[in-house]
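Here the structure is laid out as structure tokens; the discussion comes afterwards.
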Amino acid sequence: MATATSIVRSPAALLFAKVTVSGHKPTPTIQISRFPSKRSCFTALLSSLHDNNNDDDNNNNNNNVISHPKPLSSSQLFNSVSNGSRLRVAYQGVRGAYSEAAAEKAYPNCEAVPCDQFDSAFQAVEKWLVDRAVLPIENSLGGSIHRNYDLLLRHSLHIVGEVKLAVQHCLVANHGVQLEDLSRVLSHPQALAQCENTLTKIGLSREAVDDTALAAKHVALHKLKDTGAVASSSAAKIYGLNILAQNIQDDCDNVTRFLILAREPIIPGIHNPFKTSIVFSLEEGPGVLFKALAVFALRQINLTKIESRPLRNQPLRAADDNNGSKYFDYLFYVDFEASMAEERAQNALRHLKEFATFLRVLGSYPVDTTMM
């Protein structure tokens, strides 16, 4: 049975340490340049739906480039936090997206920076183009956003907080368009699924696009008369659309949980409710996962989330038998209710490292209690 070759003795060490296990290559870390030598920008990879919000600029040759704010130096970043200046917070989507609302809930005075893809938001933080990223990780109806679980491991950012946002869908259309004029509706696949009963009763065909706000923008930009969108009331206001119906989701308890990501971890506390997120892998064998989860139960630590994802570098591994059989290799993402400043959390991870082949602390951060 493989054992870890390093022993972590403090909460800070657990947050920063790479855990190297005998028989396994260490995961390479991404080096972040703290003082970029020049400005960077992201080239938009979207279709014509992602054109600049200002239609009058359509003749501008730079319409397909998303220009991010100038990167902050380390001294500027610390000063901006201390004097109350606006943080730059990346989110995926266009203006009016639910992710933008989550960013503004997390940081009410922030400058929300739209990114075309989840990966672009991760890169924006790593390259010092923004200070934080706020990205969805799970929805109470649609489940986990697997893409962001994979990106958490691929990138070197830290989870420093969470925010929960109640999602309230609206059916929106251009002014003058009545409900009976509509034949189809555009939105994100999860939004369409969350409003399935309502849309079926109305008799609308459904077409999926990248996000809810983009659907509203498309309807407005092309002045569609037979097509509506499922989006937020904020998106309707931004793109000048009329709200035909509000709260059309099938379940009123529709909540999306977002993670707040930063370049550096926060120092965990013990006086407020904290949550810790980790990812680990295990050898194949009877009861191995049971043993891994038991390290938390033995210390009265409650688990709030368990997610498994295929280990992409080696999705199939040969079993230690003579039958030539193979099995799937998985990473396990776990959230538990304890701060890494607590001795029981430190002891649980030390115990887990005795049989984990890989272990990484993604972050220890305050729990969002605003919707409890």
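The values are calculated or read from the model by the stated rules, or taken from the named source; none is laboratory data. What you are looking at is a predicted structure, and each value in this text was computed from that prediction instead of being measured. Here the Cβ is made from the backbone with ideal geometry for all residues, glycine too, and neighbour counts use every protein chain on show. These area figures cover heavy atoms from the full protein model, side chains too; ligands, DNA and RNA do not enter into them. Shrake-Rupley method; radii C 1.70, N 1.55, O 1.52, S 1.80 Å.
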Original post:
Gly240 is checked against (1) within 30 Å of Met340 (Cβ to Cβ); (2) in contact (Cβ under 8 Å) with a residue 24 or more places away in the chain and fails just one. What number does that condition carry?
Top reply: (1)
**OP:** Would you be able to say whether some residue in the range 161-173 is out of contact with any helix residue (DSSP H, G or I) (no Cβ under 7 Å at 6 or more places or on another chain) and surrounded by fewer than 17 Cβ atoms within 10 Å (Cβ to Cβ)?
**Re:** yes
Original post:
Given Lys223, Lys164, Lys201, Lys217, which one is within 14 Å of Asn139 (Cβ to Cβ) and of a type in the set (D, E, K, R)?
Top reply: Lys164
Subject >> Total residues in the range 221-231, condition under 18 Å from Leu165 (Cβ atoms) and either surrounded by fewer than 24 Cβ atoms within 10 Å (Cβ to Cβ) or in the same structural domain as Pro114 (by the TED database) (or both) >> reply: 0
Original post:
Which residue out of His271, His218 is in a loop (DSSP other than H, G, I, E, B) and open to solvent by 30 Å² or more (accessible area, probe 1.4 Å)?
Top reply: His271
Original post:
Within the range 314-337, is there a residue that is at pLDDT below 95, polar (S, T, N, Q) and part of a strand (DSSP E or B)?
Top reply: no
Original post:
Could you list, in sequence order, the residues of the range 129-160 that are in contact with a Pro (Cβ under 9 Å, 6 or more places away or on another chain), aliphatic (A, V, I, L, M) and open to solvent by less than 10 Å² (accessible area, probe 1.4 Å)?
Top reply: Leu129, Val130, Ile159
Original post:
Can you name the residue in the range 130-149 that is more than 10 Å from the chain's Cα centre (by Cα) and at pLDDT 95 or above and, of all such residues, is farthest from Arg360 (Cα to Cα)?
Top reply: Val130
